[in-house]
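Working notes, beginning with the structure itself.
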Amino acid sequence: MRLTLACLLTLSPLPVLAQEVDLSWLMEAHYAAISTTSESVTGDIDLSAEDWVWTVDFQGGASLDASFVEQRSSAWMPGDGEVWAGAVLAVEEDPGELENGNTICGEDEASFIVFTPIDAAQIGAELQIAVFSGETPPENIEDPSLCGTYNYAIR
């Protein structure tokens, strides 16, 4: 019996240890909308977090809660194949109508958001939020469920 149990333990897959996640770049702060899309859909935003759940408070008073799924380095910036760190979060409930009657995901409901810090010489330091409507977490910005990208100045 001991030999059988020892063989089973040896052959069974070991649990994967959780990778340490560093999201120190994702600061709780006020972020100023700096793209035309951000200004017309969300306005400025405030980010706060508690127990791996981030809250995005939009300028018009609506909010969105999203739970951490994973940290993924990928091509998160539209039109740029460069790899950036990204925090993938599952949206708990689409916030509905925001500024000017717009929504963050067009006619679809938001299901995932990806926070990406972008620090490039041509654009400066930004926080990009990419919004997706798919049933599974996105792999990169080319995911067909992408429904919006929004850019904010990191203050």
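The values are calculated or read from the model by the stated rules, or taken from the named source; none is laboratory data. What you see is a predicted model; the values in this text were computed from it and never measured. Using ideal geometry, Cβ is built from the backbone for each residue, glycine included, and neighbour counts are taken over all protein chains shown.
Remarks
- Among the numbered conditions (1) at pLDDT 85 or above; (2) not in a strand (DSSP E or B), the only one that residue 129 does not meet is (2).
- Pairs meeting the criteria (first residue in the stretch 100-116 and touching a residue at least 60 places away in the same chain (Cβ under 8 Å) and farther than 9 Å from residue 90 by Cα, second residue among the acidic types (Asp, Glu) and part of a loop (DSSP other than H, G, I, E, B), beta carbons under 9 Å, at least 6 apart or on different chains) are 103/94; 103/97; 103/109; 104/94.
- Residue 50 vs. criteria more than 26 Å from residue 139 (Cβ to Cβ), touching a Ser or Thr at 6+ places or on another chain (Cβ under 8 Å) and either modelled with pLDDT of 90 or more or not small (Gly, Ala, Ser) (or both): no
- Those residues of the stretch 33-69 which are β-branched (Val, Ile, Thr), assigned to a helix (DSSP H, G or I) and either within 21 Å of residue 109 (Cβ to Cβ) or touching a Gly at 6+ places or on another chain (Cβ under 9 Å) (or both), in sequence order: 37, 41
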